[in-house]
Ligand SMILES: [Zn+2]
């Protein structure tokens, strides 16, 4: 559990740490004193997934480095899509690539439901067909208008078309599927950074009420 985090409640705070300390870093009393279930430490699952173990998924990672080590909130991001065996297909200024390494820490959006057996059998063929288009020649690449995101979204829409479902715009896809996960990932990264510097991250329970009301709005 190299990047595992856990959370426990004490003296009006939620405290995030790598491990439960003997004494609460806020008040100095024993950290796990109460028998109340709501105060028991809980593991916070990492929002990152090994993309090579995620079949038929949309993946997002920093263009350089990794989210937990290198991402500063403004770094360039790169996206791709996996086939059914975890090879990542992606497009950049040198064309289409098929990677079996390098996508070990990603934000991941699964693209199909377990019930879609028919589709999974066709997935790799659709992906190869999409890659074969001249749209993805290196000379067609444009950093803003014809990039990694254009490629993955074109493929997502090709899959939706095959199922006779409505196409998604970049904006719809991002807002519905990507942003909820990237928000969670940014929060996790900031907690990890705080813990790397100070061993703990504190959330006042009043802050938490505020976050809840913000999330509800
Ligand atoms: Zn305390």
(request) Relative to the longest principal axis of the C-alpha atoms of the chain, give the angle of the C-alpha long axis of helix 205-216, reported between 0 and 90° and rounded to the nearest 10°. (result) 30
(message) Rounded to the nearest angstrom and ordered from largest down, what semi-axes does the equivalent ellipsoid of region 51-168 get from its C-alpha gyration tensor (root of 5λ)?
(response) 23, 18, 13
(request) Can you tell me the 0 to 90 degree angle between the C-alpha axis of helix 117-131 and the longest principal axis of the chain, rounded to 10? (result) 70
(request) Compute the whole-percent fraction of alpha carbon pairs in region 1-119 spaced more than 16 Å apart. (result) 68
(request) Grab the DSSP H runs of the chain that are 4 residues or longer, score each as -39,500 (n - 2.57), total them, divide by all residues and round the 222 nm result to the nearest 500 deg cm²/dmol. (result) -10000 deg cm²/dmol
(request) Compute the length gained on full extension between residue 125 and residue 85: take 0.36 nm times their separation in residues and subtract their Cα-Cα distance, giving the result in nm to one decimal. (result) 13.1 nm
(message) Can you give me the distance in nm between label points at residue 195 and residue 74, each placed 7 Å from the Cα along the Cα-to-Cβ direction?
(response) 2.7
(request) Within 10 Å of each residue's Cβ, count the other Cβ atoms and sort 108, 158, 27 from fewest upward. (result) 27, 158, 108
(message) Calculate log10 I(q)/I(0) of the chain for q = 0.10, 0.15, 0.18 Å⁻¹, where I(q) comes from the Debye formula with a single equal point scatterer on each Cα and nothing for solvent.
(response) -0.56, -0.99, -1.25
(request) Estimate the FRET efficiency between residue 171 and residue 53 by the formula 1/(1 + (r/R0)^6), using the beta-carbon distance for r and 30 Å for R0, to the nearest 0.05. (result) 0.55
(request) Provide 182, 85 in ascending order of the number of other Cβ atoms located within 10 Å of each residue's Cβ, fewest first. (result) 85, 182
(request) Measure nothing but the geometry: give the 0 to 90° angle between the long axis through the Cα atoms of 148-162 and the longest principal axis through the Cα atoms of the chain, rounded to 10°. (result) 70
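Values quoted throughout were computed directly from the atomic coordinates according to the rules given, and no laboratory measurement underlies them. Here the structure is a predicted model, which is why all the values come from computation and not from measurement. Glycine also receives a Cβ, built like all others from the backbone with ideal geometry; neighbour counts cover every protein chain displayed.
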